[in-house]
Amino acid sequence: MVALALDGIGAAYGRHIVLADVGIDVLKAGSLTAVIGPNAAGKSTLFKRIAGLIKGPGLVELSDSARGERAICYMPQDTGANAVLTVYESVLLAAKQGSSWKVHDGELVEIDETLKALRIEDLAFRGLGELSGGQRQLVSLAQALVRRPEVLLMDEPTSALDLHRQIEVLGFVASLAERTGMIVLIALHDLNHALRYCANAIVIANGQMAVSGASAEVINEAMLRDIYKVNARIERCSKGRPLVIVDSPCLEAPAAQPAQPAQKVPAPV
Amino acid sequence: MASVVLEPALAGRIRYRALALRRILVLAGLTVALVLSVCVDLALGPARYTLAQVISALTDPAAVSDQLRVVIWDIRLPIALIAVTVGASLSTAGAQMQTILANPLASPFTLGISAAASFGAALALVAGVALFPGAVQYAVPVNAFLMAVAASLFIYFASTLRGVSVQTIVLLGIALVFTFNAALSLLEYLASEQALAAVVFWTMGSLTKATWDKVAITALILVLTLPLFMKDAWALTALRLGDEKAESMGVNVRALRLKTLLLISLLAAIPVSFVGTIGFVGLVGPHIARMCVGEDQRFFLPCSVICGALLLSVTSVVSKVLIPGAILPIGVITALVGVPFFFALIFSNRRRAW
Ligand SMILES: Nc1ncnc2c1ncn2[C@@H]1O[C@H](COP(=O)(O)OP(=O)(O)OP(=O)(O)O)[C@@H](O)[C@H]1O
Ligand SMILES: [Mg+2]
């Protein structure tokens, strides 16, 4: 089974370091790991760094991978596209990158199955430009899944989905991970989803890893106050599941977080 | 409640195969139209021939009269074929520019390549300056080519700089258009009446300067560049989903963009230096192709090639029919013929065109 370890990785845009020294010994395969933290904390940047889309210090160590280059797949947060392509073509395109012109039946079957699993087979021959925001997000997810990654980095995959779709997608990815032993990192803003679907959680704040561990331990009232600046309770619902209930913004916190950690580096690495 | 969306639950792969087949048929239809258009183009002129005569002159030149053979093979065929190769080159260049720059307005025209070529030609026609001293008798096309390449290389090197976005590249191109147009106007202002007429004629574009050599060179460039684009078909299509998406699919966006830009420069500069400014084809050919077959490069690329060739070939026919005997500047006719057609396509097309 594939294993992924991060060793002191960082990233910078120009002179601004936005991610520094994130290290994790083992990312658990077969279950979801939530990556949580406020806006501009560096979650997307962390994903891009792991996927190799941006460069920076540190090491992303991938071992026991059967797929080499194509093992890691990043599903971007931004899903907009105005290409004159049908949904089906756009998913085919994701599957066929780097291979020949010829499209085999097996590849098409796989696309059919992926679309079906996400319940978007009805959209297959609609143009990308004609989709709603949530539909775009589902297509984007299909494009990621059809590449059959061993490490899947999902950047807020449910931000545009309705309630039904949210739990459906998260449940589907969780079961897929369990079946295939995939490593899944998933950036989320809904902490209740993180509690329910993700065994582990990593908290990113100001470009650094604040804590990591089992989600039920990591997501607690102190963390919500320190990192998210809200007064919140974690209470068990009548079915016994922990729930995050947010009461009010935290008054002793500074009103607005600076968007940039804005640490200056002497020279780009 | 009426059943609105009761499509049969046909497996996607069957519908996809049908879609692909339909596109292949569209390509085949356009190719037939192109062959027909070339034949009609050959038949028309001061002396009119029937299609049968044209075809026998093409297939069995030894059996037809000397006059027919000379007219078809030595006079009309180079012109008819250069319409095809130039149309194809400009349209392909435009298609890939629009793809890599994510901009529906990109074309050899908008990036200043045509304007640079015009300026180069005018330098030779007005000031008698040969930028490449070795080839004085070819000063006009050689100047045009060198200026076009210089403009493309400028754009290319500008885009290799860090932090230059595609929007910046388009802006730079537009700045080049204005610069070269201003320089051209200055030259025209200073030119003698004779030279001025020559410059105006050149910039309007004309196929009559065609020779077999030029046909061969333009065809060769197409033959060299098209396979390279074809090899990158999936990656180029992915680019249209946005840089980030393409990168997440494993495309090296930066390298692909630079490589494609370099190929485009070659593809645009040579035809422009041979036939002058024919702006419209490079912009509209790809759009027509996109409306016909979508943006999967495996269909879009060949369709752009054929649409561009067809557009210019039909223009050549129309310009002969419009005023028989007169040779109208092709660059002007392309726009006059193409714009209404293009409008009709845009307004009749309910789907998104970009
Ligand atoms: N392309 C870029 N160029 C410059 N700075 C950037 C770029 N992308 C992100 N940043 C900066 O990097 C920091 C981290 O951004 P990132 O996108 O990783 O945040 P995030 O945790 O994903 O936030 P969100 O929850 O809003 O998606 C922010 O301060 C942001 O302004
Ligand atoms: Mg983000």
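The values are calculated or read from the model by the stated rules, or taken from the named source; none is laboratory data. Keep in mind that what you see is a predicted model, and the values were worked out from it rather than measured. Here the Cβ is made from the backbone with ideal geometry for all residues, glycine too, and neighbour counts use every protein chain on show. Protein only, heavy atoms only, side chains kept; ligands, DNA and RNA dropped before computing areas. Shrake-Rupley method; radii C 1.70, N 1.55, O 1.52, S 1.80 Å.
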Reported set for the stretch A:193-204 where residues are open to solvent by 20 Å² or more (accessible area, probe 1.4 Å) and outside any helix (DSSP H, G or I) is A:A199, A:N200
Residues of the stretch B:86-102 that turn out to be open to solvent by 10 Å² or more (accessible area, probe 1.4 Å) and in contact with a Phe, Trp or Tyr (Cβ under 9 Å, 6 or more places away or on another chain), as a count:
0
Here the qualifying pairs (Cβ atoms under 6 Å; residues six or more apart or on different chains; first in the stretch A:30-55 and touching a residue at least 12 places away in the same chain (Cβ under 8 Å) and within 12 Å of B:S248 (Cα to Cα); second within 8 Å of ligand 2 (Cβ to nearest atom) and open to solvent by less than 10 Å² (accessible area, probe 1.4 Å)) come out as A:F47/A:D155
Is the stretch B:50-73 home to any residue that is β-branched (V, I, T), crowded, with 19+ Cβ neighbours inside 10 Å, touching a Leu at 6+ places or on another chain (Cβ under 7 Å) and farther than 30 Å from B:T168 by Cβ?
yes
B:K259 passes all but one of the listed conditions (1) buried (at least 24 other Cβ atoms within 10 Å of the Cβ); (2) assigned to a helix (DSSP H, G or I); (3) not polar (S, T, N, Q); the exception is number (1)
Here are some conditions: (1) more than 17 Å from the chain's Cα centre (by Cα); (2) farther than 17 Å from B:I270 by Cα. B:Q98 meets all but one. Which one does it not meet?
(1)
State all residues of the stretch A:130-144 that are open to solvent by 20 Å² or more (accessible area, probe 1.4 Å) and either in a loop (DSSP other than H, G, I, E, B) or not basic (K, R) (or both); if no residue qualifies, say none.
A:E130, A:S132, A:G133, A:Q135
Which of the residues belonging to the stretch A:4-41 are within 9 Å of ligand 1 (Cβ to nearest atom), within 14 Å of A:S212 (Cβ to Cβ) and among the small types (G, A, S)?
A:G37, A:A41
Please pick out the residue among B:F201, B:F229 that is in a helix (DSSP H, G or I) and either touching a Lys or Arg at 6+ places or on another chain (Cβ under 6 Å) or open to solvent by 70 Å² or more (accessible area, probe 1.4 Å) (or both).
B:F201
Assess whether B:T334 counts as being under 12 Å from the mean Cα position of the chain (by Cα) and in a loop (DSSP other than H, G, I, E, B).
no
Failed condition for B:S248, given (1) more than 7 Å from chain A (Cβ to nearest Cβ); (2) open to solvent by 10 Å² or more (accessible area, probe 1.4 Å)
(1)
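Residues A:D7, A:D25, A:D105: which one is more than 14 Å from chain B (Cβ to nearest Cβ) and loosely packed, with under 14 Cβ neighbours inside 10 Å?
A:D25
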Consider A:A83 against the criteria (1) facing chain B (nearest Cβ under 7 Å); (2) in contact (Cβ under 8 Å) with a residue 40 or more places away in the chain; (3) out of contact with any Lys or Arg (no Cβ under 6 Å at 6 or more places or on another chain): it satisfies all of them except one. Which criterion is unmet?
(3)
For B:T179, state whether it is in contact (Cβ under 8 Å) with a residue 60 or more places away in the chain, open to solvent by 50 Å² or more (accessible area, probe 1.4 Å) and part of a loop (DSSP other than H, G, I, E, B).
no
Might you check whether a residue that is within 16 Å of ligand 2 (Cβ to nearest atom), crowded, with 17+ Cβ neighbours inside 10 Å and under 15 Å from the mean Cα position of the chain (by Cα) occurs anywhere in the stretch A:55-73?
no
Residues in the stretch A:16-45 that are within 9 Å of ligand 2 (Cβ to nearest atom) and within 21 Å of A:I219 (Cα to Cα) total 6
Looking only at residues that are farther than 19 Å from A:V230 by Cα and among the acidic types (D, E) in the stretch A:156-214, which one is farthest from ligand 2 (Cβ to nearest atom)?
A:E178
I need the full set of residues from the stretch A:101-120 which are in a helix (DSSP H, G or I) and more than 21 Å from B:E295 (Cα to Cα), in order please.
A:D105, A:G106, A:V109, A:E110, A:E113, A:T114, A:K116, A:A117
Within the stretch A:42-72, restricting attention to residues that are small (G, A, S), away from chain B (no Cβ under 14 Å) and closer than 21 Å to A:G207 by Cβ, which residue is farthest from ligand 1 (Cβ to nearest atom)?
A:G58
For the stretch B:258-287 the number of residues that are modelled with pLDDT of 90 or more and more than 14 Å from the chain's Cα centre (by Cα) is 2
